[in-house]
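Participant: Before we start, here is the structure in question, set down as structure tokens.
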Amino acid sequence: MKISKVERQRLLKETIEATPFITDEKLAEKFNVSIQTIRLDRMELSIPELRERIKSVAAYQWNETVKALSLDEVIGEIIDLDLDRRAISILEIKKEHVFSRNKIARGHHLFAQANSLAVAVINDELALTAKSEIKFTRQVKAGERVVAKALVKDVDDKGMTVVQVNSFVDNEKVFTGLFHMYRSNDPKGDIGNEDSN
């Protein structure tokens, strides 16, 4: 059933407020209209595009900054960061990330997103990956959005900080990794205990 423009825009605004990282493509699908219609609705409502919304949310949420590497060295956009506890990043899978023949993302991009997030979450100016155990659980395709969630789990028997990273597309796990991170300082046992997805 077709809804009025006023009603669609009201629902669009509510949807974006509830899920700020939803894409125009998903919104077009949800409201059964063209992507162009969604873009016009957003412009009329003064709602910025996804990339700007990500930056805006990140700016409000962060009270800490990445120490172990510069932000432009992080693969994907960090949208949440609590040093030595947890971090979240989003990577849009574009043409340059996939094999041209089958449009499937190259594994090293998913690994790089997860690994750079594991480095970024460490509260130290020096953090290096000493060991990783990784598993790809499903193929990722062009146009999909990968949300990586890092959780600092423990300090192992060699003094390495253990970071678990799970990556998802629409709540479906596509990658999981356990990263043993060398750092120059002692984390002093201040490791987050939150459960991961």
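Participant: Could we say that E29 is in the same structural domain as V147 (by TED's automatic domain parsing), acidic (D, E) and at pLDDT 90 or above here?
Facilitator: no
Participant: Still on this model: Here is a check on your reading of the model: is A127 out of contact with any helix residue (DSSP H, G or I) (no Cβ under 6 Å at 6 or more places or on another chain), surrounded by 18 or more Cβ atoms within 10 Å (Cβ to Cβ), of a type in the set (G, A, S) and at pLDDT below 95?
Facilitator: So A127 fails the test.
The values are calculated or read from the model by the stated rules, or taken from the named source; none is laboratory data. All values derive from a computational prediction rather than experimental measurement. Here Cβ is always computed from backbone atoms with ideal geometry, including for glycine, and neighbour counts include all displayed protein chains.
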